[in-house]
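Heads up: the structure comes next, in structure tokens.
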Amino acid sequence: MDDAAPGPDTENEATPDRATSRRLLMYLAVIAVAAYLLDLLTKTLAVHYLDPADPVEIIGDFVTLSLLRNSGAAFSMATGYTWVLTIVALLVVAVIIRFSSRLGSLGWAVGLGLVLGGALGNLTDRIFRAPGPLRGHVVDFFSVGQWPVFNVADSAVVCGAILLVVLTLLGYDYDGQRTGWAARNDRAAADGTREEGDSDA
């Protein structure tokens, strides 16, 4: 995985140059905006066309479009704590924006972009939808088997979070540093390249 462009010593602290940081920040912003707009579009269509009492079957009754107003978190968890979840979402957005200027990893830019877009999507519902500001219910409409009903924003947040966890476990840090498996893999690749160059000589 070529997740970042580390220096000669991948375990030393990496400081992304300004051009790299700007490029990664642009990727993050594009992904966040795309996820946000897709979530907004699908929710608008769901509210307009779906009847809560009449789910639309996609694959029998296993995959359906079933309109639901959710006062909880993703997948209908923590129902009834809308204002708390609103504050949490605001904090998540603030933290992502705070650390985005120090990005040195494409994988982290993608993951944070998905989380940011999803968080903003559900946050928009909580601020602007009924029953009122900071207490709005989120529009959910995807239903798969026994899984709780969800939306595009939920999917973006979960996929982004999973990607960030995988990158962390592999040793790809948000600022471009590589530790653990990632650093060992880079050293092995570098050693193999040097040995190949020596044999050609």
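The values are calculated or read from the model by the stated rules, or taken from the named source; none is laboratory data. On a predicted model such as this, the values are computed, not experimentally measured, just so you know. Cβ coordinates were reconstructed from backbone atoms using ideal geometry, including for glycine residues, and neighbour counts include every protein chain displayed. Only protein heavy atoms, including side chains, enter the accessible area calculation; ligands, DNA and RNA are left aside. Shrake-Rupley method; radii C 1.70, N 1.55, O 1.52, S 1.80 Å.
Residue by residue, segment 166-179 carries 3J(HN,Hα) couplings of 4, 4, 5, 5, 7, x, 8, 8, 5, 8, x, 5, 10, 10 Hz when phi is fed to the Karplus relation 6.51 cos²θ - 1.76 cosθ + 1.60 (θ = phi - 60°); x denotes Gly or Pro. Ranking Trp147, Trp108, Trp181 from most to least accessible surface, computed with a 1.4 Å probe over the protein chains only, gives Trp147, Trp181, Trp108. For Val166, the solvent-accessible surface computed with a 1.4 Å probe is close to 70 Å², ligands and nucleic acids excluded. Here the label points at His48 and Val30, each 7 Å from Cα along the C-beta direction, are separated by 2.8 nm in the simple model.
Taking all protein chains into account, the per residue accessible area for segment 82-121 stands at 43 Å² (1.4 Å probe). Heavy-atom accessible area with a 1.4 Å probe sorts Leu41, Leu164, largest first, into Leu41, Leu164.
What the phi angles of segment 148-158 give under the Karplus curve with 6.51, -1.76 and 1.60, with θ = phi - 60°, is a coupling list of x, 5, 9, 9, 5, 4, 4, 4, 5, 4, 5 Hz, glycine and proline written as x. Taken one residue at a time, the phi angles of segment 27-37 give Karplus couplings (6.51, -1.76, 1.60, θ = phi - 60°) of 4, 4, 5, 4, 5, 4, 5, 4, 5, 5, 5 Hz. Gly and Pro are set to x. In a simple Cβ point-charge model (Lys, Arg +1; Asp, Glu -1; nothing else charged), segment 30-164 has a dipole of about 660 debye relative to its Cα centre.
Backbone amide hydrogens, once placed in the peptide plane, bring Ser105 within less than 5 Å of Gly176, excluding anything fewer than 5 places away on its chain.
On the basis of the beta-carbon distance and an R0 of 25 Å, Ile58 and Ala130 show a calculated FRET efficiency of 0.35.
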